[in-house]
Structure formats: C-alpha cells, structure tokens
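Asks: Supplied in structure tokens, the structure appears directly below.
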Amino acid sequence: MSPSVIHHETNGHSNGVKKPHLDGFGTRAIHVGSEPNAETGAVIPAISLSTTYKQDGIGNHKGFEYSRSGNPNRNALEETLASIETGGAFGIAFSSGSATTATVLQSLGPNAHIISVNDVYGGTFRYMTRVAKVNQGLETTFLDLENADDETILAAIRPNTKLIWIESPTNPTLRLIDVSRITSLAHSHPSSPLVLVDNTFLSPFYASPLLQGADIVMHSLTKYVNGHSDVVMGALILPPQHAALTESLRFLQNAIGAVPSPYDCWLAQRGAKTLHLRMKAHGANALAIARALKASPHVAEVIYPGLASHPRNDLAYRSLAPHARKYVDAYIAAHPDAEGFPFGGMISFRIRGGMEQADKFLTSARLFTLAESLGGVESLAEHPAKMTHGSIPEAERALLGIGDNLVRLSVGIEEVEDLVADIEQALEAATATLSA
Ligand SMILES: Cc1ncc(COP(=O)(O)O)c(C=O)c1O
C-alpha cells in the first residue's frame, strides 16, 4: 500500500470506510495519493517497476503480490483520481480509455440493454455496436439525450436496461446533456439503470457528475488529466455507495488485465497535480479564442458552451463543479465584458466555405498542430469529418452537424495573444480565395 495519509482520510481501497476528502481541488490533486514516503522521506512516489513482490510466508505480503493485480503507482494514482473526481471514493485505472469502456460494458453480462447519447465518442460507438453487440448480445438505443423529453427517455428504459451512457459536452458539436435530469429519471424508473458519465472533455475540474447523481465516471486520462500528450490511459471513479460494484469492476480489471504500467501511472499522477491550473488556463484561452472566432467575418458559427450565445450556456453554468463555479464567478467579476465564461478548452467552429477552406486553415495555423486527440498543454486542431469522425457514414454525420467546414480546436495553454493571432492569420489565409 502507499504510505499512510498525513492530513487526509484516505480513499485508498485498503480501508473499509470511504469518506470524501474535504480540501480544495488543487490541494487534493497535489497531496492525496502522494504522501512523503515513510521510509525515505521522498516527497514524490518512487516508480515501482517490479512485477512481483516477496512474501514473508505464503500469503503473508505487504499488500502486493503481482503487478497486474496491484502496484504502488497504480494504487497511488487511483487514490488521487478518487479524490479529484469530487464525490468519488474509488478509482480504477486501465491501459486506455477504450479498455475502460470495454471493461464496463463486459461487466453488464449477456443480453443487456443500454441507452447511449447519440453522438457518443466514435470508439465507444464502435465497441458498443461491433464488439459488445456481437460478443455479448448487448443492445444499445442511441438517443438524443439533449433534446429528448422525459417521457421519451423513460419509455426507452426496458426491464433489462442496465446502463445509461452520457458524454457531455458531446464531440465534436459540444451539445450539453443535463446530467442531473438524466440521473433523476434513471433512478426513478423500476429498472434503475446505472448512469455513467464520460467526463473526459470537461475533466474533474469543470464537472463533477458524481455530485449530480451519476453512478460511475469514466475518463480517457490520455486527455486533460495527464495533460501532456504522452500517456494513453483510462479510469473509472465510483462514489462511496458503490463498493460492491467497484469490487466487481476491480475483479475484471485484474481478470482482463488491461492495466497501465507503473511509469504511465506515475506520469498521469504528476499531470493530475497541475490539472486545476491547466484547466483554468485552457478555459480562459478558449473563451478568448471563441470570442475572436465570433468576431471574425470568416466564421459562420462558433460552438463553445461558455459563450453567452451558446444555446445551453445557462446549463453550462448550472452544471459547473463547485470548485469551477468559484473560479468562474471570480472570472466573471474580473471580466464583466467577457461575453461568457471559461468552460473547458474545446471549441468547434464552421469556417465560411467548405472543405478547401477548412483544409487551408488547418495547414496555415502555426501553433495549432493538425493532429487528433485533445487535452494536452499544446494547441491542436483537426477536421472531424475526415479525421476523428471519418468512420461515421456521411448521412449520419450530416444529421449530427459534422460537415466539411467544421473544425475542432483543442486550445492549449500557450500565451493567449499568440494563439489568437495564429487563429486570425490562419483564417485570413484560408478564406483569401473566397473574398478575392
Ligand atoms: C470522450 C472520449 N472517451 C473515450 C476515449 C477513448 O480513450 P483512449 O483514446 O484513451 O482509448 C476518447 C478518445 O479520444 C474520448 O475522446
């Protein structure tokens, strides 16, 4: 086990009783799961690469036997995650976000039914429809959980509906789902399906779905939590009332074995320590860029939930995590003319023109690297129709609003003036032929 916690009640999974950590977000991110080593005094956990652990007698060990089943770095990261995903008590880490998804869906057993938000991440859609459907008879109803009324959602829940899968904001059109509404509906139904929120886009800083009644939160840690584009990893976080469910998922974590390496766990834990600072900077930079895009004659539409003009801007504000609300309120007070507030680092926009202009924009940007993925300190830009969402049939893409002129930005934490200038010059270059 990791060394004893000095000024926190531990969320480590060796203890029976789970109590929430009460310190501020940044304090938890830095201290929980990262206590000075009792023997050496090392302030930062050592990387423990050993695959196996000495036993002093058969079954007499110090909490570790074999590294797939548990190792100090993974336990430490899981403690950190359980603490920063506010309302959480248990963390379970996997070797990718996709392995996390696979493990959750496998836990539902044969012939289950689930409901999923209709524009779920493409890899999640692929696993639901081409793996779980074939291998375990999983049936998925894809619903527009943003606009469907209560009756429609309740009517979609069947006796064997075991899970509702939410992503908010959705990717890449950043539609917002009211998590509190969906969890109330789910838990009021006799089938009482679990509600899982993929909180990758907002990270534990901007949203706390467990405080909104969700049963499970999942993350692709590859994105904001690690934050430096150098680790592929995923995790589940569950609240205190789900100790038994946690145990069954932990059983699968070990049995399937899609576990992260100690080094990756160490890196992700290091990344998580600055999550609060990075997310504030991502949000402030994204808001500035969203405003610049909105002011540009070369842009037909900007989609950023923090902008006052976003149709669900009020829901964005209402759904902020408590620590994010504090930051956002202070930001609004300090920037009365901001036309919105920081709400994560993802923006999508429709450039005037079509494929040619989108392509020219993406190849003219100097600081926004043309690449898939998101959530790193460096700014990225991509073309959803041809890249991240290219596997979705064109007709379905059109229904979801993923056209040839749609560009998605993952706004990094470089100097904001440089980023705005880069966007403006790339827009000019991209649309030069249009205005000529
Ligand atoms: C929202 C979301 N969930 C899950 C995943 C899958 O995570 P990973 O790439 O770590 O397997 C991604 C990856 O892009 C994602 O964006």
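The values are calculated or read from the model by the stated rules, or taken from the named source; none is laboratory data. Note that the structure is predicted; figures quoted are calculated from it, not measured. So basically every Cβ, Gly included, is an ideal-geometry build from the backbone, and we count neighbours across all protein chains shown. Remember, those area values only see protein heavy atoms, side chains included, never the ligands or the DNA or RNA. Shrake-Rupley method; radii C 1.70, N 1.55, O 1.52, S 1.80 Å.
Asks: How much space per residue, in cubic angstrom, does the convex hull of the C-alpha atoms of region 25-272 take up?
Replies: 127
Asks: Something else about it: Assign unit charges at the C-beta atoms only (+1 for Lys and Arg, -1 for Asp and Glu), then state the dipole size of the chain relative to its Cα centre in Debye, rounded to the nearest 20.
Replies: Numbers: 33 positive and 43 negative charges, 157 e Å.
My answer is approximately 760 debye.
Asks: Turning to a different aspect of this structure: Tell me, what is the 1.4 Å probe accessible area of Met346, in Å² to the nearest 10?
Replies: Probe radius 1.4 Å; accessible area of Met346 about 10 Å².
Asks: Projected onto the charge dipole of the chain (+1 at Lys/Arg Cβ, -1 at Asp/Glu Cβ, origin at the Cα centre), which of Thr222, Ser188, Phe125 gives the Cα projection farthest towards the positive end?
Replies: Positive-most Cα among the choices belongs to Ser188.
Asks: Another question about this same structure. So if I average 1/r over every pair of distinct C-alpha atoms in region 276-435 and take the inverse, what Kirkwood radius in Å does that give? Working shown, then result.
Replies: On the way: mean 1/r = 0.0627 Å⁻¹.
That comes to 15.9 Å for region 276-435.
Asks: Would you please classify the overall shape of region 41-155 from the alpha carbon gyration tensor, given that a ≥ b ≥ c denote the square roots of the eigenvalues, rounded means a/c under 1.5, and beyond that prolate means a/b larger than b/c while oblate covers the rest? Walk me through the intermediate numbers first.
Replies: Values: a/c = 3.03, a/b = 2.07, b/c = 1.47.
It comes out prolate by the Cα gyration axes.
Asks: The chain: D in µm²/s via Stokes-Einstein (Kirkwood Rh, Cα pairs, 20 °C, 1.002 mPa s)?
Replies: On the way: Rh = 22.4 Å.
For these conditions, the coefficient is 96 µm²/s.
Asks: Here are some pairs, Lys162/Lys386; Lys223/Lys280; Lys62/Lys273; Lys280/Lys326; Lys273/Lys326; which of them have Cα atoms lying more than 23 Å apart in this structure?
Replies: Working: Lys162/Lys386 34 Å; Lys223/Lys280 15 Å; Lys62/Lys273 27 Å; Lys280/Lys326 11 Å; Lys273/Lys326 19 Å.
Violating the 23 Å Cα-Cα cut-off are Lys162/Lys386; Lys62/Lys273.
Asks: Rounded, prolate or oblate for region 263-368? Axes are the square roots of the Cα gyration tensor eigenvalues, ordered a ≥ b ≥ c, and the cut-off for rounded is a/c under 1.5.
Replies: Values: a/c = 2.35, a/b = 1.25, b/c = 1.88.
Oblate, since a/c reaches 1.5 and b/c is not below a/b.
Asks: What does the highest-first list of 251-260, 96-105 look like by mean Cβ count within 10 Å?
Replies: 96-105, 251-260
Asks: Determine, from the Cβ-Cβ distance of Glu247 and His335 and an R0 of 41 Å, the FRET efficiency 1/(1 + (r/R0)^6), rounded to the nearest 0.05. Display every interim value, and only then the final one.
Replies: Working: r = 47 Å, r/R0 = 1.13.
For R0 = 41 Å, the calculated efficiency reads 0.30.
Asks: Where in region 202-241 does the label zone of Asp150 land, with the point 7 angstrom along Cα→C-beta and an amide N cut-off under 19 Å?
Replies: In region 202-241, the label zone of Asp150 (backbone N under 19 Å from the point 7 Å along Cα→Cβ) covers 212-214.
Asks: Can you tell which of Gly306, Tyr53, Gly412 lies farthest toward the positive end of the dipole of the chain, using +1 and -1 charges on the Cβ of basic and acidic side chains (Lys, Arg; Asp, Glu)?
Replies: Tyr53
Asks: Looking at Val197, Asn147, Gly137, which one has the Cα that reaches farthest to the positive end of the dipole of region 60-203 (charges on Cβ: Lys, Arg +1; Asp, Glu -1)?
Replies: Ranked along the dipole, the leading option is Gly137.
Asks: Kindly provide the helix-only [θ] at 222 nm of the chain, computed as the sum of -39,500 (n - 2.57) over DSSP H runs of four or more divided by all residues, to the nearest 500 deg cm²/dmol?
Replies: On the way: 16 runs with 162 residues, N = 436.
Estimated from H runs of four or more residues: -11000 deg cm²/dmol.
Asks: By average Cβ neighbour count within 10 Å, what is the ranking of 64-70, 378-384 from highest down?
Replies: 378-384, 64-70
Asks: Name the most mobile residue of Arg397, Arg270, Arg130, meaning the one with the largest mean-square fluctuation, in a Gaussian network model of the chain with Cα contacts below 10 Å.
Replies: Arg130
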